[in-house]
1. Please go through segment 204-235 and give me each residue that is buried (at least 16 other Cβ atoms within 10 Å of the Cβ) and over 19 Å from the mean Cα position of the chain (by Cα), ordered by number.
2. Look at Glu201 and say whether it is assigned by TED's automatic domain parsing to the domain that holds Glu46, among the charged types (D, E, K, R), within 25 Å of Leu79 (Cα to Cα) and surrounded by 19 or more Cβ atoms within 10 Å (Cβ to Cβ).
3. Within segment 82-138, take every residue that is modelled with pLDDT under 85, of a type outside the set (A, V, I, L, M, F, W, C) and part of a loop (DSSP other than H, G, I, E, B) and give me the one that is surrounded by the most Cβ atoms within 10 Å (Cβ to Cβ).
4. Yes or no: Ile178 under 25 Å from Asp216 (Cβ atoms), among the hydrophobic types (A, V, I, L, M, F, W, C) and touching a Gly at 6+ places or on another chain (Cβ under 8 Å)?
5. When the residues of segment 214-240 are filtered to those that are hydroxyl-bearing (Ser, Thr, Tyr) and not in a strand (DSSP E or B), which remaining residue is nearest to Lys63 (Cα to Cα)?
6. For segment 139-158, name all the residues that are assigned to a helix (DSSP H, G or I), more than 19 Å from Ser104 (Cβ to Cβ) and under 22 Å from the mean Cα position of the chain (by Cα).
7. Considering each of Ile177, Ile190 in turn, give the residue that is of a type in the set (A, V, I, L, M, F, W, C) and surrounded by fewer than 17 Cβ atoms within 10 Å (Cβ to Cβ).
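The values are calculated or read from the model by the stated rules, or taken from the named source; none is laboratory data. What you are looking at is a predicted structure, and each value in this text was computed from that prediction instead of being measured. Here Cβ is always computed from backbone atoms with ideal geometry, including for glycine, and neighbour counts include all displayed protein chains.
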Amino acid sequence: MDIVSAKYQNTAYQTGEPVITISKLKKQFGKNKVLDEFDLTLHKGESIVVLGRSGAGKSVLIKCVIGLMQADSGIIDVLGKDITTFNHHELDKMRMRVGFLFQSNALYDSMTIRENLEFPMRRHLTNISAKESEERIIEALTNVGLAHTVDMMPAELSGGMQKRIALARTLILKPEIILYDEPTTGLDPITGKEISTLIVEIQEKYQTSSIIISHDMKCVKTTADRVAVLLNGKCHAIDTYDMLEKSEDTLVKQFFE
């Protein structure tokens, strides 16, 4: 069975406990209502792709979930706690359990790959030994197929390799949940397919739960257990890729044509 078909056999999340519950989430800029009572539940072991047109609010949603942007109202329950009430220190603790892959990768150009991966550990794991730190770095890089780049600089790597390094840095704290913001944007189709497949492999190896923001339909099909369609600030529809592809709803069909 190929990896895409295998995704649709993954029903473990259906009995898994909720790890993220978003309820009546609102966010607007001026008169523009980007999120308007948006609801979504992510279960343990599940991967949900949030699909929407450019400017629909997908990245705003994921930034609210990680606490990089403050919602106007609503509840964002992450691992049993409403993060909309969190202060800076509490958000920092939560981010040890929730990884975030930036669309731009956000690697530090002046640091080697090793130093880039050391950075989150220095910030969050103050008692970690040098030996354990090095072991985590090599493990994370091995998992993305780039152990040989440990002493290289980001500028020496291709866009796809930089994306893999950014994912390795996300894995370094061994998060329970990973949030991906447009993980294949700017990549050629072959590299985009490799990154999509890697996301599935990481989920299966580490049993992570994921929310993926994307408008790349190949990435959506490869990575999603369920797909949530974000329209007019709301979760307009949510189901498996196969079921939504067959939908007669014209607002949903536009994404699959």
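1. Passing the criteria: Leu231, Gly233, Lys234.
2. Answer is no for this residue.
3. Per the stated criteria, the residue is Asn105.
4. For Ile178, the condition - under 25 Å from Asp216 (Cβ atoms), among the hydrophobic types (A, V, I, L, M, F, W, C) and touching a Gly at 6+ places or on another chain (Cβ under 8 Å) - is met.
5. Checked segment 214-240; the qualifying residue nearest to Lys63 (Cα to Cα) is Thr223.
6. Glu139, Ala140, Leu141, Thr142, Asn143
7. Every option except Ile190 fails the conditions.
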